[in-house]
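Below is one structure, written out as C-alpha cells, with a few remarks after it.
Taken together, the values in this text are just the output of simple stated rules run on the coordinates, not laboratory data. What you are looking at is a predicted structure, and each value in this text was computed from that prediction instead of being measured. Cβ: placed from backbone, ideal geometry, glycine included. Neighbour counts: every protein chain shown.
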Amino acid sequence: MDTILVILGGLALVVLGFVATRKEQSTKIRLLVMAGGVCVIYGSWLSERDAELQTSRLIDLNTMNLSLAERNAALTEGIAQMSERNVQLSEDIRGNATGGNAFCYLTPLQFGSGSVRLLLQLGEGERYPIPDLRVRVLDRNRQNAMRIELFRKIKVDRRNNPGLPRGFNLLDEGNEAYRDIWKAIDERCFEEVYSGTLPIRGRPQIFDLELESPIQRYHIEFNARNGSWWQELVFVRRDEDSDGYFPWIVASQVSLGAGRVIEDVPDGFPLTEEGVVEWDGRPDKPRVTDSDSPYVVP
C-alpha cells in the first residue's frame, strides 16, 4: 500500500511539473518535477522488491510445506512398519505358544537289516516349535493280520452269530459292533514313539521301525496343541537286480486337513490298476461282497 502511495505521489508531482514547465514557472517547479520522477522510480523499485520478497516467502513456505509433508510421510511409514512389527511379534508369540501352522513328518534316513531309521522333522520353512506333540505309529501289516484272524474266528463260529446274514461284510460301516472291535485292534497296534515339544533346533529325533515284509505299511498320527494330521508310509523291497542304491523304495503321503496333502511317490513305485498307491493295504474293501474274503460271512 505504501509503495502505491509513493508511485501515485510521484506521478502527481510529475504532472504538476509538466504543467508548471508549460507555464514557464521557476526553477523550484522543475526541481519538484525531478523529485516526482525520483519518487516514481523509487516506487517502482519498491514494488519490484516487494514482489521478489513475496515470491521468496512463497517459495520458502512451499519448501516448508514440502518438508513437513515428507516428514509426515516418513512418520506414517514408520508407524506402518511399527504396526507390521507388532503384528509379526504377536504372531511369533502366538506361534511359539501354539505351534502356529507348523507340522512335522517322518522321513527315512538309513536302512538296516530288516529295519529303517527315520527322522522326525519339521516341515520345510517352519519357524515355530510344536508343543505338546504326540506321535503314534500304527503297523498296518500287523493291524490287517489281527483283523483277518479275528474275523475268521467270527466266521467259523456261526453259533455265536445267528443273526448275521450270509454275505454280510464285517467292514460295512453299518456294523457298529464290529467297528468297535476294529478300533480296539487299532489301539493295540499303535505305538507311541514321541511325546513332548518338537524344537526348531536341537537333538534330532530318530526312531527305528521294523521291515518284516516285502511290502511294509505304516500309518502315523500326529496330535499337538495346534491340531492333528496324518502320514502314510509304504516301503517296498526292491528286486535283487535293481540298480537302486537303497534296498527299499518308499512312498509317503502327509494329510494336513482341509484338503492339504503332501504326497511323494517316486518313479517306479508299484501302483494299483487305478494308478494309485494302496496306502492301507487292506486285503478287502467293503464295496464288494466276496465269499472268499475273510471279512464276509459265508
Explain nothing, just compute: Karplus ³J(HN,Hα) = 6.51 cos²θ - 1.76 cosθ + 1.60, θ = phi - 60°, for every residue of the range 213-230 in order, whole Hz, x for Gly and Pro.
10, x, 10, 10, 10, 10, 10, 10, 10, 10, 10, 8, 5, 9, x, 10, 8, 9
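Roughly speaking, what is the stretch gain from residue 115 to residue 54, that is 0.36 nm per residue apart minus the C-alpha to C-alpha distance, in nm to one decimal?
12.9 nm
Gain in length, residue 280 to residue 65, computed as 0.36 nm per residue apart minus the alpha-carbon separation, to one decimal in nm?
70.2 nm
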Just to verify a number: FRET efficiency for residue 77 and residue 184, C-beta to C-beta distance, R0 = 51 Å, to 0.05?
0.25
Just want the ordering: 55, 197, from fewest to most Cβ atoms lying within 10 Å of their own Cβ.
55, 197
